[in-house]
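The structure under discussion appears below in the form of structure tokens.
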Amino acid sequence: MSQYAFGSGNMYVTQLQDALGNAVVGATPYPLMTLQEGSIDISSDSKELYGQNQFPVAVGRGKAKLTGKVKPARIFAGVWNAIYFGQTVNAGLFANYTDTVGTVVPASPYTITAAPPNTGTFAADLGVIDANGNPMKRVASAPATGQYMVNVTTGVYTFASTDTGKLVYINFQYTAAVAGAQKQTVQNLPMGYAPAFKADLSVSYQGKIVTFSFLKAISTKFSMGFKNEDFAVPEFDFSGFDDGTGNVLTWSTSE
């Protein structure tokens, strides 16, 4: 029976080195879950030797390139870090709060204290919108009508006395200790620094399997598009290279 491949298959990545080039001991293999699509491209230059005639008398292969592209829809910090960032991932949530309920400005002292979800901690102001959908102006002190000031340490917003009774929408950034949540601040490393990983892809159909294993690779692109009424699907491009033993790729088919 002939062999074919159907679907996006399954892919796993295992970080080999962090962004500083340190070997990752006991690295965890991560499945790229809800994989939407992927591709593998192997290309090379060719050099032709010509004499006096029209066609070459010899052709040799020059530089070769081994690249791949995957789109895993499942969002997971461990995968993103293993493939692209290779830096320290910490526990905790870092998020933006968009106010859709609003709060009425009270009488003296005309203040509203931001209340981050999950008993979180206020991190930064993201602006205040009035009931008409107009942004209010942030000032350093003594706010007038349509203005506000904020204590960036406590998250306390202060409004003008003339805005008492007005409905306002307060947007802010916060951090919180949420089980399972992860966050990372990406450092500006010297050029050339990047994590290396192993990538294993298999696609099966009717009991037969085709498998590709990039023995060592680095990611060359990470992108994530957002659009209305659709899911966001991250995309990773990567390039394979010599793993230090003279090998770059292992592949197999059932036939």
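A short reminder: the numbers here are calculations on the coordinates, not readings from a lab. Bear in mind the structure is a predicted one, so any value in this text is a computation, not a measurement. Note that each Cβ is placed from the backbone with ideal geometry, even for glycine, and that neighbours are counted across all protein chains shown.
Values for this structure:
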quantity: Residue order, fewest to most beta carbons within 10 Å, for Tyr4, Tyr193, Tyr157; calculated: Tyr4, Tyr193, Tyr157
quantity: Radius, Kirkwood style, for the range 52-112 when every pair of distinct Cα atoms is counted (Å); calculated: 19.4 Å
quantity: Inter-centroid distance (Cα atoms) of the range 121-199 relative to the range 237-255, Å; calculated: 46 Å
quantity: Residues Val104 and Ser202, FRET efficiency given R0 of 35 Å [Cβ-Cβ distance, rounded to 0.05]; calculated: 0.05
quantity: Cβ-derived FRET efficiency at R0 45 Å, Ile42 paired with Arg138, nearest 0.05; calculated: 0.25
quantity: Cβ-Cβ FRET estimate between Val156 and Val186, R0 fixed at 30 Å, reported to 0.05; calculated: 0.45
quantity: The range 104-254 shape via C-alpha gyration tensor axes, a/c threshold 1.5; calculated: prolate
quantity: Amide H contacts of Met33 (H built 1.01 Å from N, under 5 Å, at least 5 apart or other chain); calculated: Arg74
quantity: Around Phe231: net Lys/Arg minus Asp/Glu count, Cβ-Cβ under 12 Å; calculated: +1
quantity: Sum of -39500 (n - 2.57) over DSSP H runs of 4+, divided by residues of the chain (222 nm, nearest 500); calculated: 0 deg cm²/dmol
quantity: Cα-based Kirkwood hydrodynamic radius, the chain, one decimal, Å; calculated: 22.8 Å
quantity: Alpha carbon convex hull of the range 93-176, volume per residue in cubic angstrom; calculated: 83 Å³
quantity: Residue order, fewest to most beta carbons within 10 Å, for Asp237, Asp163; calculated: Asp237, Asp163
quantity: Along principal axes, Cα extents of the range 209-255, largest first, whole Å; calculated: 46, 29, 7
quantity: Packing-based exposure ordering (other Cβ within 10 Å, fewest first) of Trp251, Trp80; calculated: Trp251, Trp80
quantity: Rg in Å to one decimal, and Dmax rounded to a whole Å, for the range 3-100 via C-alpha atoms; calculated: 21.6, 77
quantity: Long pairs among Lys71/Lys183; Lys63/Lys208; Lys183/Lys216, criterion Cα-Cα beyond 23 Å; calculated: Lys63/Lys208; Lys183/Lys216
